[in-house]
Structures are given as structure tokens and as C-alpha cells.
Amino acid sequence: MNEAGLVVEQMWLDGTRYPEADERFALNELQWLQYQLDRAATLQQVLDSDTLLRISDRPFVYLHFLVTDAQGNSAVIEFLYGRMVVHRGEELPKAVLTNSTYETSLRYRADLKNGEVRHYEEMEHNSSGRFSKAADRLDKYEGQADPVAYAFATLDSVAQGEHTRWSIVYDVNNRVISYKTGANPLVQTIAMDDFNFSCGDRHLSRSIVATASGVEGFLPLTPEINMHSFRIMKEKLAFLKDLPEEEMKTIASWFRSVQCN
């Protein structure tokens, strides 16, 4: 989430196919996400950027995105068959995302209500089953319960055991981020209003497993901090195991090349 209350979240999607090379500028999928948080304040601005910018067809990971803004607009953005596919408005009956295409998850939920899901593969039962469970909890929410606590309970209800390493909730109206991790289940908070977002030469970071709230615990970001995180991820994530050391160093230092204006 950025200071305008724009949230861009991502989930893995095997069926993703990013656009082929064309005249637009290209970023990798995580740079694209960061670009939106740096440049956009609304969902429409994210969608409009597709005329200028594309995700590279040489990605690290295959993702789809759930986007919402402070005006209450939401959309699922997927890249299928080399183009952006957007679900919003009436085409987004539930702002939920798992690891299946949004269309597949909607179809699964409808079939589940009719008792007709035996033909789905096990992975689809897992992914779209989680979608259906989370969507059902959205239907049941009537506003009495604390929304942040209810959101965490919803995430807990679809957690995947040790595969779920952390959970995060965005209070868009108040621009507050709350999160917890497997290593530290105590909920931590970050309030956007506690920070000065004017241009400067400082980039800040904080360990996601630290016990701290607000600006407490934030330290200047360095390439060395990024490299440390990269090495931990490389040990645990199979798709990063062949990433060359020099490429890791380039990515770890990339933030220094970004100009604020």
C-alpha cells in the first residue's frame, strides 16, 4: 500500500502469460508492482499505465494481482494469452484472489453450490476451494466485528499450514498496514501517516519478523540487506535456485537507480 491508499497485491498464477516485446517500456513483474505504488493513486491510473508499460516476457515469477484504491474501486488484473485481462465492477462479484484464474474460481464456486466439482483436479480444489471459503466469509460479514480482526480470521481460515509464511491486512480508509508472520504471530502495524513521503535519498526497511510498530525499527535500506534476504529466499524457493549471484546483486541494488520527482 502507498500513501494514497492504493493497494496492489499479488498471488502466483501458473497460467500467466505476459505480453511479448513491443514498443512499450518493460519491467519485471515485481518492478511493475512497485511502479504502480510509486506512480499511481487510483485503480484507473494502474489500468491506464498499460498503454505505456508492460511486464517483461522474461519473468522471475508468474503472478496475477488484486488492486484496490481509497475510493473503493477494486479489480483483479491478470495477464493471459499475452494481454491484460481485468475483472472489475459487475465482473468482480467477490474481491478475492487465490492461485487460479478469477474466471475459474468463479466457475468452481458456482459448481460447488450445485455439488458438481468432482471433475476438478486436486490443485483446483485447493485453490478455488480457498477462494470459495473466503468469498463465503465476505458474504457473512455484516459490519459488527472489527474488520481487521475479521480479515485476519478469514486469512487464517484459508491458510496452508507451514506454506503460509505471513498474512497481511490493509486498512485502506485509515492507511494502516497490519501483518503477522509464522515466526512472529504478534500483529504488527505500520501507519502511512507516520512517515514523510517527500523526496529524499533515504530508503527504509524493517525485518518482517521484528516486533515493532510505526516507524520503530526502520533502518536505511542497503544492497547488503537485500542480498541477505535474497540468499534466504534462494535457499527456500526452487525457482530462484539457479539465479546467478551477479544478477542478484543487480536486483539488490536496483532501488538506488529509482529517482523521486
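Read-outs: derived from the displayed coordinates by stated rules, not from any lab. Because the structure is predicted, anything quoted here is derived from the model rather than measured. Here Cβ is always computed from backbone atoms with ideal geometry, including for glycine, and neighbour counts include all displayed protein chains.
Relative to the Cα centre, the charge distribution of the chain, modelled as +1 at Lys and Arg Cβ and -1 at Asp and Glu Cβ, gives a dipole magnitude of about 340 debye. Between ARG256 and LEU80, residue separation times 0.36 nm minus the direct Cα-Cα distance comes to 60.2 nm.
Based on Cα contacts under 8 Å between residues 6+ apart, region 122-232 shows a relative contact order of 15 percent. Which shape class applies to region 1-150: rounded if a/c is under 1.5, otherwise prolate when a/b exceeds b/c and oblate if not, where a ≥ b ≥ c are the square roots of the Cα gyration tensor eigenvalues? Oblate shape, in that a/c is at least 1.5 and b/c is the bigger or equal ratio. For the chain, adding -39500 (n - 2.57) for each run of n ≥ 4 DSSP H residues and dividing by the number of residues yields -9500 deg cm²/dmol at 222 nm. Each residue of region 220-235 is assigned a 3J(HN,Hα), and the resulting list reads x, 6, 10, x, 5, 4, 4, 5, 4, 5, 4, 5, 5, 5, 4, 5 Hz, derived from the Karplus form 6.51 cos²θ - 1.76 cosθ + 1.60 (θ = phi - 60°), x at Gly and Pro. Listed values for region 5-19 are Karplus-derived 3J(HN,Hα) couplings in whole Hz (6.51 cos²θ - 1.76 cosθ + 1.60, θ = phi - 60°), namely x, 7, 10, 10, 10, 9, 9, 5, 9, 4, x, 5, 9, 6, x, and x replaces Gly and Pro. For region 244-261, putting each phi into the Karplus relation 6.51 cos²θ - 1.76 cosθ + 1.60 with θ = phi - 60° gives couplings of x, 4, 5, 5, 4, 5, 4, 5, 5, 9, 4, 4, 6, 8, 7, 9, 9, 8 Hz, in residue order, rounded to whole numbers and with x for Gly and Pro. Total lysine pairs in the chain at Cα distances under 25 Å, for residues eight or more apart or on different chains: 13.
Using R₀ = 25 Å, calculate the FRET efficiency as 1/(1 + (r/R₀)^6) where r is the Cβ-Cβ separation of GLU91 and HIS163; round to 0.05. Once rounded, the FRET efficiency stands at 0.25.
The residue list TRP166, LEU13, HIS125 was ranked by how far each Cα lies along the charge dipole of the chain toward its positive end, using unit charges on Cβ atoms, and TRP166 comes out on top.
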